[in-house]
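Values quoted throughout were computed directly from the atomic coordinates according to the rules given, and no laboratory measurement underlies them. None of these values were measured; they are calculated from a predicted model. Backbone-built Cβ (ideal geometry, glycine too); neighbour counts: all protein chains shown.
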Amino acid sequence: MSATASPDAYHNPLRDSRDKRLPRVAGPCALVIFGVTGDLARRKLMPAIYDLANRGLLPPGFALVGFARREWADEDFTRIVHDAVRANARTPFREDVWDRLAEGLRFVQGTFDDPDAYDALADTLHTLERERGTGGNHGFYLAIPPNLFPVVLERLSASGLAQHNDDHWARVVIEKPFGHDLESARELNTLVNTVFPEDTVFRIDHYLGKETVQNILALRFANQFFDPLWNAHYVDHVQITMAEDIGLGGRAGYYDGIGAARDVIQNHLLQLLAFTAMEEPVSFEPAELQAEKIKVFKSTRLVEPLELTTSRGQYTRGWQGEIPAVGLLEEEGFAHDSGTETFAAITLEVDTRRWAGVPFYLRTGKRLGRRVTEIAVVFKRVPRLPFDQTMTEELGQNALVIRVQPDEGVTMRFGSKVPGSSMEVRDVSMDFSYGQAFTTSSPEAYERLILDMLLGEPSLFPVNDEVELSWSILDPVLDYWASHGRPDEYEAGTWGPASADEMMARTGREWRRP
Ligand code: BG6
């Protein structure tokens with residue numbers, strides 16, 4: 001430590017005396033959405049913006065600018081936003097809130113490579129600055145396919161819109177996929193960073209915006225009784241599951257050739273692993289949190305041989321409850337011989353003192369038995385059971401299950417005596433449920449993330465090191481699969497291919513059936 005360091009250099013965020021519970025309202029700004037006619041904008045972004053306005057978290061002169069090829073006027077755009085809000089907003093529709101928001105809606109028509117369209121965008125933004133006091137602060141949300149990133153970034157740069165200085169900010173929001181392997185992710189990061197410096201880049205991993213995901217940190221670091229058990233001495237293994245019952249109808253353009261591992265393991269599931277495995281950060285300042293996640297990613301590797309420790313599958317025709325479901329190869333737009341996996345399971349090890357030897361099993365799939373995302377920390381069995389063997393036949397392993405969605409909450413599973421005259425012990429569970437414990441509903445992930453971006457608060461956005469490290473963890477299995485035939489089959493509505501169960505059975509374990 002240098003003797004001349006200023007006290008500021010060692011500012012301790014934990015001593016900041018502001019009341020952090022007070023809502024943070026974004027300062028003057030405009031948000032531009034590229035790809036505003038897409039599904040994401042209508043289902044998630046527009047409703048989230050309205051919900052923020054409804055909660056009083058947007059500045060009075062806030063402006064939302066849509067940029068797309070359609071021949072729309074401002075009125076058409078306003079109607080589209082209105083319908084999207086009506087259909088998908090979380091909070092009740094209030095005319096006064098809507099009217100105020102609608103005053104700041106503008107549409108700029110143009111193709112993504114047309115310099116004139118960017119001039120028109122710049123004019124619109126300058127006018128908004130004058131009329132609504134947006135302060136020249138601009139967020140650019142790229143809700144577009146990644147092959148369009150280069151041209152949009154280049155045009156934003158050429159038109160001067162990407163410039164920021166001490167008086168006003170310019171930030172870019174990028175949706176995944178952040179590349180399709182390490183090499184392409186590096187290229188993308190280099191490209192983005194030539195126009196927007198890293199501290200102005202906000203990569204969306206919407207799982208980090210979920211309350212239940214942030215709650216992993218509260219659970220682990222605000223409580224005393226979990227931490228002593230949270231390590232290889234007591235934990236047998238961890239299962240992270242993201243199961244969906246929906247199929248891929250309508251998503252061939254994005255999904256074919258991408259597959260389950262790239263779609264969600266590289267991002268959502270590895271982020272869940274990082275929150276579960278990381279050490280306590282010094283504080284929740286962005287750099288401190290990122291440093292701990294990066295340490296986890298640097299220590300994480302696939303368990304080999306991949307032939308035995310991974311599984312991938314593709315759904316075939318089956319039943320989703322009472323409803324018949326077609327197989328992937330029959331879904332519109334997929335190649336008739338598509339080898340894209342719709343189910344993926346991998347085994348990872350986090351090679352740290354805390355976790356060495358504990359397998360982390362990650363699995364995800366479409367058209368599985370039901371929609372559920374959870375993290376199950378499964379504990380070792382007690383070294384000795386002083387009961388007659390027949391008394392504990394229905395006793396499993398203790399487990400702590402973080403229910404990310406739906407039915408958000410936490411479950412603890414442990415053994416309890418069955419009432420009666422014998423000492424029979426059986427599994428029971430103790431539940432915490434968000435719905436019962438809190439009266440307010442949780443904000444949508446996109447509300448939280450859009451607000452954080454407008455506030456310039458980067459904690460919940462993965463930085464490029466995290467993205468690249470995640471790819472370097474996953475790349476070997478993607479390469480392995482690419483050179484080893486087709487995925488196994490599983491019937492729609494089941495829990496994945498037999499190879500996934502076999503992979504677990506080899507280590508004497510089994511998947512949970514949530
Ligand atoms: C997206 C994936 O990131 O997350 C989709 O691209 C997936 O394939 C979606 O369906 C699931 O999000 P959520 O919030 O419904 O779990």
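Miscellaneous remarks
- Whether region 17-140 is rounded, prolate or oblate, judged on the alpha carbon gyration tensor where a/c under 1.5 counts as rounded: oblate
- Ranking of 352, 390 by count of other Cβ atoms within 10 Å, fewest first: 390, 352
- Here the residues 237, 138, ranked from fewest to most Cβ neighbours within 10 Å of their Cβ, fall in the order 237, 138.
- For region 319-387, the C-alpha radius of gyration sits at 1.72 times the compact-globule guess of 2.2 N^0.38 Å, with N the residue count.
- Within region 50-205: Cβ-based charge dipole about Cα centre, in debye rounded to nearest 20 (Lys, Arg +1; Asp, Glu -1): 480 debye
- Cα gyration tensor shape for region 145-274, rounded if a/c is under 1.5, else prolate or oblate: oblate
- Euclidean distance of C-alpha centroids, region 114-153 and region 355-375, integer Å: 40 Å
- Gyration tensor (alpha-carbon) shape descriptor, region 418-514, a/c threshold 1.5: oblate
- Using a cutoff of 8 angstrom between alpha carbon atoms and counting only pairs six or more residues apart, the relative contact order for the chain works out to 17 percent.
- Proximal aspartates and glutamates relative to residue 20, as straight alpha-carbon distance under 16 Å, when same-chain residues fewer than 8 apart are discounted: 285, 452, 457
- Size of charge dipole - region 67-151 - debye, nearest 20, with Cβ of Lys, Arg +1 and Asp, Glu -1, no other charges: 460 debye
- Region 402-433 and region 302-350 have Cα centres separated by 32 Å.
- Simple rule: put +1 on each Lys or Arg Cβ and -1 on each Asp or Glu Cβ in the chain, find the dipole, and look at 369, 451, 357; the Cα lying farthest toward the positive end is 357.
- For 450, 402, 216, order by how many other beta-carbon atoms lie within 10 Å, fewest first: 216, 402, 450
- Placing dummy labels 7 Å off each Cα toward the beta-carbon, the span from residue 426 to residue 322 is 3.1 nm.
- Two-site FRET efficiency, residue 282 against residue 39, from Cβ-Cβ distance with R₀ of 51 Å, rounded to 0.05: 0.80
- A Förster radius of 45 Å combined with the Cβ-Cβ distance from residue 187 to residue 354 puts the calculated FRET efficiency at roughly 0.85.
- Förster radius 56 Å - calculated FRET efficiency between residue 418 and residue 99, Cβ distance, rounded to 0.05: 0.35
- In the chain, helices alone account for a calculated mean residue ellipticity at 222 nm of -9000 deg cm²/dmol, with every DSSP H run of four or more residues adding -39,500 (n - 2.57).
- Rough spin-label spacing in nm, given labels placed 7 Å along Cα→Cβ, for residue 157 and residue 308: 4.9 nm
- Cα-centred dipole magnitude for region 348-395, charges only on beta-carbon of K, R (+1) and D, E (-1), debye, nearest 20: 360 debye
- Here's the picture: charge each Lys and Arg Cβ at +1 and each Asp and Glu Cβ at -1 in the chain, and of 128, 409, 487 the one pushed furthest to the positive end of that dipole is 409.
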